[in-house]
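J.: Please find one structure pasted underneath; my questions will follow.
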Amino acid sequence: MASTARSSISKRARLALALLLALPVSGCLSVRRELALEQTRQHVAWAALATPPRRETRTFSWAGALAQLRAANPKIRSAELDLIRAREAREQVRRSLIPLVSLQSGYNRSFGGSSLNTFDPFYFAATVFFDVPGFMNYRTRAEAAELTLTRAELGREAVWREQVTSLYRAAAAQEDLAAQLARLQRQQARARALAPGAPRAATAAQRRLLPAQTRLDAQLADAREKVADLLGLPGTPIVFSGPLPDPGYDRVAQRPAPAQLAGLPLRLAAIELVALRARQLGVRLQAWPEVNFSVSTPTLYRRTNGQSDYWSSHDTLAGANAFWTLDTRGRQASEGRILTAELALRRTILEQEAHRVAAQLHTALDQLQVTDREFAALNAALPDAPERLRPDLLARRDALAAERREWEVVLWFFDDTRWTTPAPPTTVALAASSR
């Protein structure tokens, strides 16, 4: 009888041990299987990309392009994810005050099945945990979360401006290059028309225009690739319907002074300095006594072996303690000195960056005045220019237009009045007038 019981217990013990060993092994096999399946899917997707089908041209208005940019641009989506993460971190600080409810249940049984009839193998317990943080601890975490959220919002805004202006540059360059290529093709058509009467002159003219066509084809393909990548549609030809937005800096009266610009980088710099000063304060507060309050209560409800126990205020204990650490090793003093040096260095770097931004804005305004004068001179010379000089004058005007656009985009990026701060970004306040 005893031998039979021991044999039964031994079999059940071996079965339980086998099940315990099978759990991690099954997990490893599952991971390997999932990895193999995912690699297979990746190979199938790559095989489809290796022989890409002919993609249809997609047409966007500027508003539609902004919507596509917002939805599919990787950098904007990454900035949005950082913002969501910061918001959730702030909410977690607030939710840390919510009581945590823990439920536990189980079943106990001996291998031999020789338990007494009075033994109840089931048990259940319900427990509530309260986290009562110290005032300074909670305040510090709340302020740090708020600072992180503000930094994420400004970072998202900076990325949004960067990607919108990059899209504008690429789209405008695509339009300009397409116009230049069309003008070059008209010149080639005129050269071919000379072939019946002057074949040598026609051939020489076509050879002279061929390098320009090759260069324009390559530049246009590059601009189209940039537009498609920004919109999250790599390899898709993109065409814009309607005019692109006008930054609105054509006239001198529309151009703001440098002191009215660069609000966004100034706010980002302020956040960095405040964060460093907050870290300094945290190091100083480590030398202060820390007071903790605690409340210990029994389980809210427990049922074990057929008996039920309920929460009782008589078993609730409350306490408080204070402790502080003497900086005998000088660690806090060392951290304080390092943070002081880091704050001074960061302040110097931010001042240098501010000088660079100011110099960039002054240069942009000065160069816009230079292009104004050159544009006026070219527009005055074009009507009476000989036919042989017109291509060079038109090419110079195109180059001036591209240069002016670059300097206008610099002002646009730093001009807070031209941007809104949506959450998530929905609009960019720009006039939709023709360029």
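J.: Can you tell me the dipole magnitude for segment 292-404 around its Cα centre, using point charges on the Cβ only (Lys, Arg +1; Asp, Glu -1), in Debye to the nearest 20?
T.: 400 debye
J.: Right, next: With a Förster radius of 22 Å, plug the Cβ-Cβ distance of Thr417 and Glu88 into 1/(1 + (r/R0)^6) and report the FRET value to the nearest 0.05.
T.: With R0 = 22 Å, the Cβ-Cβ based efficiency is 0.10.
J.: With +1 on each Lys and Arg Cβ and -1 on each Asp and Glu Cβ, and nothing else charged, work out how big the dipole of segment 170-272 is about its Cα centre, in Debye to the nearest 20.
T.: For segment 170-272, the charge dipole is close to 740 debye.
J.: May I pose another question? Among residues other than Arg267 whose Cβ falls under 11 Å from its Cβ, what is the net charge (Lys/Arg +1, Asp/Glu -1)? Spell out each step's value before the answer.
T.: Details: positive: Arg151; negative: Glu153, Glu157, Glu272, Asp416.
Local charge sum for Arg267: -3.
J.: State, to one decimal in nm, how far the label point of Thr297 lies from the label point of Ala221, with both points 7 Å from Cα in the Cβ direction.
T.: 7.2 nm
J.: Place +1 on the Cβ of every Lys and Arg and -1 on the Cβ of every Asp and Glu in segment 54-213, take the dipole about the Cα centre, and give the residue among Ala79, Gln92, Leu194 whose Cα lies farthest towards its positive end.
T.: Leu194
J.: Quick one: order Phe323, Phe414, Phe60 by neighbouring beta-carbon count within 10 Å, fewest to most.
T.: Exposure proxy ranking, most exposed first: Phe323, Phe60, Phe414.
J.: In addition: Could you please rank Trp288, Trp419, placing first whichever residue has the fewest other Cβ atoms within 10 Å of its Cβ?
T.: Going from sparsest to densest Cβ surroundings: Trp288, Trp419.
J.: Sort segment 137-271 into rounded, prolate or oblate with this rule: let a ≥ b ≥ c be the square roots of the eigenvalues of the Cα gyration tensor; rounded if a/c is under 1.5, and if a/c is not under 1.5, prolate when a/b is larger than b/c, oblate otherwise.
T.: prolate
J.: What distance in nm separates the two pseudo spin-label positions at Leu382 and Thr203, each 7 Å out from Cα along the beta-carbon direction?
T.: Calculated label separation equals 3.5 nm.
J.: Right, next: Taking the simple approach of a point 7 Å from Cα along Cα-to-Cβ for both Phe122 and Ala212, what is their distance in nm?
T.: Between Phe122 and Ala212, the label points sit 9.0 nm apart.
J.: A follow-up question, please. For Trp311, Trp160, which order do you get if you count the other beta carbons within 10 Å of each Cβ and list the fewest first?
T.: Lowest to highest Cβ neighbour count: Trp311, Trp160.
J.: Length gain on complete extension for the stretch Glu146 to Arg267, per 0.36 nm per residue less the alpha carbon to alpha carbon distance?
T.: 42.1 nm
J.: Between segment 68-97 and segment 321-351, what is the separation of their alpha carbon centroids in Å?
T.: When both Cα centres are located, 31 Å separates them.
J.: Along each principal axis of its Cα atoms, how long is segment 57-207 end to end? Whole angstroms, biggest number first, please.
T.: The Cα atoms of segment 57-207 stretch 118, 50, 24 Å along the principal axes, largest first.
J.: Which of the three applies to segment 231-372, rounded, prolate or oblate, going by the alpha-carbon gyration tensor with a ≥ b ≥ c and a/c under 1.5 meaning rounded?
T.: Note, shape of segment 231-372 comes out oblate.
J.: Grab the Cα-Cα distance for Gln367 and Ala72, subtract it from 0.36 nm times how many residues apart they are, and report the gain in nm with one decimal.
T.: That pair, Gln367 and Ala72, stretches by 102.7 nm at full extension.
Each reported figure results from applying straightforward, stated rules to the coordinates on display, with no laboratory input. Predicted model only: the values in this text are computed from it and were never measured. Here the Cβ is made from the backbone with ideal geometry for all residues, glycine too, and neighbour counts use every protein chain on show.
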